[in-house]
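Trainee: Below you will find the structure I want to go over with you.
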Amino acid sequence: MVLFSIAISSYAQEKISGYDTNYVESNSKRLLLRLYTSKKYTDLVSNVPGVDKGYRFMPNTGLNLGLGFTYQAFTLNIAAPLSFMNPDRYTDWPKYFDLQAHAYPKNFIIDFLGQFYKGYSIEPKFLQNSNEAYPREDLRLTTIGLNVNYLLYGEKLSLQASFNQSEIQKKSAFSPFVGFEAYGGSVKGDSLLLPATELIDATINFAKSRYFQAGPNAGLAGTLVFGGGFFLTGVASANLSLGFSEWENQEVSKKWGVVPTYFLRGFFGYNNRRFSINANYVYKHSNLVKVEDFNNSINTGNYRINLIYKINVSEKFARGFHKINPFTILGLNK
C-alpha cells in the first residue's frame, strides 16, 4: 500500500501576517526535501473486569519509508510500508485508509482524522492465556474526528516550525490554547471480538459498537530553543466530552455520559536554514462512555522521523512552480 499525504497547513500560515520576527523566521522561499519514516495507527483497548491490562487490538499497519517536499505553502509526501521493514505484517489482509491531517497555521492547532481500518490482531503480550497472536481479519474500525484550538499568543510560537520545518523558531515561546473537538466512529466484527480462549464472560463480549462524543478542551503549547538550533516542543490538552456509546452482543446497550480525554504532541530535533533532523509524535486518547461492563478506549497515534534538506531555488523555478502549485490553480495563492 502506498500512502499519500498532502498538507495544506502552511498556506494559512503564510497568508496570515503578524508573526513576531524576533521569534519566528520564514522558510517559505526554500525548497524543503524530506526523507522520513513514519507509522500511523488507531487501536482499540477493551478493559475487562478482573484483567490487569486491557486487550489491545492493533491494526495491520507498518513502518513506512517515504519521500516528500514542502515549497510555496504546499507539502506532498509519498510513503509505503516496505516488506523488509515489516517482516511480521500480514501481507494478504484487506487494504485500509488512514488520513491524518495535522495543520498548525498561525494561532491555530487543527487535527483531522478520517480512518477506515480493516484487519486487527492482539499481540501475545496483551493476552492472558496464549503465546500466539489473536488475528481478526474481519474486524473493521472507523474513526472520524476534528480538533480545533486557538493559540492565545500564536504570534510568537510557530508549531509549523516544529512539525514540517517550513518556519524556524528562533527563541523559546509558550502559549495556552482553548478549543473544541468532536469524534465519532464504529467497530464491527463478524462474530464476538474478544478471544474465547481468555474465558471471558460472554455478557461483556461484543461484536459491534458505535460512539460519538464532543466537547471543549484547553491546554498549553511551547517550544524550548537551545544549543543554536535544537528545539523541544510539547503540546498537551485535556477535554471533557459529552457523548454516547452503543454496544451490541445478544442485545443492544446504549448510554449517554461525560468522559475525559487528552491529546499529546511532542517534537524534538535540530532545525536551521540548511537542514533539519527531527522526530515527532502525535497521540490522541479517547475514553468511551462506559456502558455497564463495557469499558473501552480508542487511541490514535502517528510518529515520524524526518531528515530534511533545504535548497535555495532560482527565480525561474519559483515562477514555474507557482503556475502548477495547486493553491495557484485553486485561486488561493496569488
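The values are calculated or read from the model by the stated rules, or taken from the named source; none is laboratory data. Everything numeric here is computed off the predicted structure, so don't read it as measured data. Every residue, glycine as well, gets a Cβ built from its backbone with ideal geometry; the counts of neighbours run over all protein chains shown.
Yes or no, residue by residue, for (1) within 12 Å of F267 (Cβ to Cβ); (2) under 29 Å from the mean Cα position of the chain (by Cα); (3) modelled with pLDDT of 95 or more:
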site: A196; (1), (2), (3): no, no, no
site: A202; (1), (2), (3): no, no, no
site: A207; (1), (2), (3): no, yes, no
site: F212; (1), (2), (3): no, yes, yes
site: G222; (1), (2), (3): yes, yes, yes
site: G234; (1), (2), (3): yes, yes, yes
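Trainee: Shifting gears a bit: With the requirement that a residue be without any contact (Cβ under 8 Å) to a residue 12 or more places away in the chain and among the small types (G, A, S), what does region 35-93 give you?
Mentor: G50, S83
Trainee: Inspect all residues belonging to region 125-134 and state whether any of them is part of a loop (DSSP other than H, G, I, E, B), at pLDDT 90 or above and crowded, with 20+ Cβ neighbours inside 10 Å.
Mentor: No: region 125-134 contains no residue that is part of a loop (DSSP other than H, G, I, E, B), at pLDDT 90 or above and crowded, with 20+ Cβ neighbours inside 10 Å.
This table checks each residue for (1) closer than 28 Å to Q160 by Cβ; (2) in contact with a Leu (Cβ under 6 Å, 6 or more places away or on another chain); (3) modelled with pLDDT of 90 or more; (4) surrounded by fewer than 21 Cβ atoms within 10 Å (Cβ to Cβ).
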{"position": "I6", "(1), (2), (3), (4)": "yes, yes, no, yes"}
{"position": "E14", "(1), (2), (3), (4)": "yes, no, no, yes"}
{"position": "N22", "(1), (2), (3), (4)": "yes, no, yes, yes"}
{"position": "E25", "(1), (2), (3), (4)": "yes, no, yes, yes"}
{"position": "K39", "(1), (2), (3), (4)": "yes, yes, yes, yes"}
{"position": "T42", "(1), (2), (3), (4)": "yes, no, yes, no"}
{"position": "R56", "(1), (2), (3), (4)": "no, no, yes, yes"}
{"position": "P59", "(1), (2), (3), (4)": "no, no, yes, no"}
{"position": "Y71", "(1), (2), (3), (4)": "yes, yes, no, no"}
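Trainee: I would also like to ask the following. Quick check on my filter: what residues within region 282-325 are under 29 Å from S253 (Cβ atoms), among the basic types (K, R) and surrounded by fewer than 20 Cβ atoms within 10 Å (Cβ to Cβ)?
Mentor: K290
Trainee: Out of the residues in region 257-288 meeting the condition of being basic (K, R) and part of a strand (DSSP E or B), tell me which one is farthest from N306 (Cα to Cα).
Mentor: For region 257-288, the residue satisfying everything is K284.
Trainee: Does region 242-256 contain any residue that is at pLDDT 90 or above, aromatic (F, W, Y), more than 21 Å from G185 (Cβ to Cβ) and assigned to a strand (DSSP E or B)?
Mentor: Checked against the condition, which is being at pLDDT 90 or above, aromatic (F, W, Y), more than 21 Å from G185 (Cβ to Cβ) and assigned to a strand (DSSP E or B), region 242-256 yields no hits at all.
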